[in-house]
Ligand SMILES: NC(=O)c1ccc[n+]([C@@H]2O[C@H](COP(=O)([O-])OP(=O)(O)OC[C@H]3O[C@@H](n4cnc5c(N)ncnc54)[C@H](OP(=O)(O)O)[C@@H]3O)[C@@H](O)[C@H]2O)c1
C-alpha cells in the first residue's frame, strides 16, 4: 500500500487531528493532565528501547524513578541508547534479542527478570514496518512474529512474575483501524505479502489480544494497548518516507508519542482498553472492521499454540 493510501485511510476515519501533534498539543493542555508521574522502584522491561518512542519512554520512565531493562537487536545501539537514558537517572540494563526469534525472546525474558530480581511492568514496544517478506528462525512471517508472537510470549511469561498488581502495555497503532480481524490471515504468506497491510493486521491482533488477556485475567495484571499517535521516529523515516514527507509539519516528537506509555505504567486504569493520549478509545472506527469475541478467542488459541514450545 502506498503512503497516499495510508493517509487516505486515516482521513476516511477522520483521525488526523487526534493522531497528529495537534491532538497531543491540545489534550496535554487539559486540566486533568498530570505532568508529575511517579514510577519509583518499578522494574520495567521495555522491548525496542534503542530508538524512537521506546528510547523516549525509557528515558522518561528512568527520570520518574523506574529501573529499566531495554532490548534491541544490536549491542552498539543498545550501548548508545543506555548512555542517553543514563542522563535521566540510573543506567538501564541492556539485553540484545531479536523479537523475531522466539527462543531468543524467551532467553531474554529470563535474563531480564534475573537481573531485576522480578518484574512489575512489561512494555511490548519493539516493532517495525517491514516491506519484504521474511521468515523467522522458527518459520513464521517476520511482522507476525515480532508484533504478535513475541509480545504474546512475553505476556505469557510475565503474568506469573508481575502478579495481579503488575502491568502489561502493548504499543499498537492507529493503522489497525483499517483492518478487520481474520485470525487465519493475520500472518500473511509470501504470495500476497504487503508490508503496510501486514503491519496493520498485526497491530489489530495486538489490540484484540489485549482485550482477550484482560478477559482471561480479570483480577490482573492490568493489560493496556495504546497508540502513540504519528511520531517522527527513525522507524517512520525508514519505512514510510513518503508519509513522513507529507505529514512532517504535524508529526509528534518521540517524547509526545511515548507519553501515554509512561502514563499507563504509572496509572491504574480499566484493563483491556485501547489508549491514545491518556484516554480509552474505540477499537473500531469503520463498521466493516467489527469483530466477535469468538474470532478473538480463535486468534488467542492459535497464538497460544504457536508460542507453547517457547514457554519453559
Ligand atoms: N512512530 C509512529 O508514528 C508510530 C505509530 C504507531 C505505532 N508505532 C509503534 O511504536 C513502536 C516503536 O516504533 P518507533 O516509531 O519508535 O520505531 P523505531 O524508531 O524504528 O524504533 C523501533 C524499536 O524497536 C526495535 N526493534 C525493531 N524490530 C525489532 C526486532 N525484530 N527485535 C528487537 N527489537 C526490534 C528497534 O531496535 P533495533 O533496531 O536497535 O533492534 C527499536 O528500538 C513500534 O511498535 C511501532 O509499530 C509507532
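Values as computed for the structure displayed
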quantity: Scan of segment 111-133 for residues that are more than 21 Å from residue 223 (Cβ to Cβ), out of contact with any strand residue (DSSP E or B) (no Cβ under 6 Å at 6 or more places or on another chain) and either within 9 Å of the ligand (Cβ to nearest atom) or without any contact (Cβ under 8 Å) to a residue 60 or more places away in the chain (or both), ordered by number; calculated: 114, 128, 129, 130
quantity: Every residue from segment 163-199 that is away from the ligand (no atom under 16 Å from the Cβ), surrounded by fewer than 19 Cβ atoms within 10 Å (Cβ to Cβ) and part of a helix (DSSP H, G or I); calculated: 184, 185, 190, 191, 192
quantity: Selection count, segment 135-158, where residues are touching a strand residue (DSSP E or B) at 6+ places or on another chain (Cβ under 8 Å) and near the ligand (Cβ under 10 Å from one of its atoms); calculated: 3
quantity: Near pairs, Cβ below 7 angstrom, 6+ apart or cross-chain, from segment 282-305 (exposed (fewer than 12 other Cβ atoms within 10 Å of the Cβ)) to any residue that is not in a helix (DSSP H, G or I); calculated: 288/180; 290/284
quantity: Qualifying residue in segment 28-37 (condition: in a helix (DSSP H, G or I) and surrounded by fewer than 21 Cβ atoms within 10 Å (Cβ to Cβ)); calculated: no
quantity: Residue pairs meeting the criteria (Cβ under 9 Å; at least 6 apart or on separate chains; first over 19 Å from residue 121 (Cβ atoms), in segment 215-231; second in a strand (DSSP E or B) and within 16 Å of the ligand (Cβ to nearest atom)); calculated: 229/252; 229/276; 230/252; 231/252
quantity: Those strands (runs of 3 or more DSSP E) lying entirely in segment 52-159 with at least 1 residues more than 15 Å from the chain's Cα centre (by Cα) and more than 20 Å from residue 257 (Cα to Cα); calculated: 67-72, 93-96
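Bear in mind these aren't lab numbers, they're just calculated from the coordinates by the rules spelled out. Everything numeric in this text was worked out from a predicted model, so none of it was measured. Using ideal geometry, Cβ is built from the backbone for each residue, glycine included, and neighbour counts are taken over all protein chains shown.
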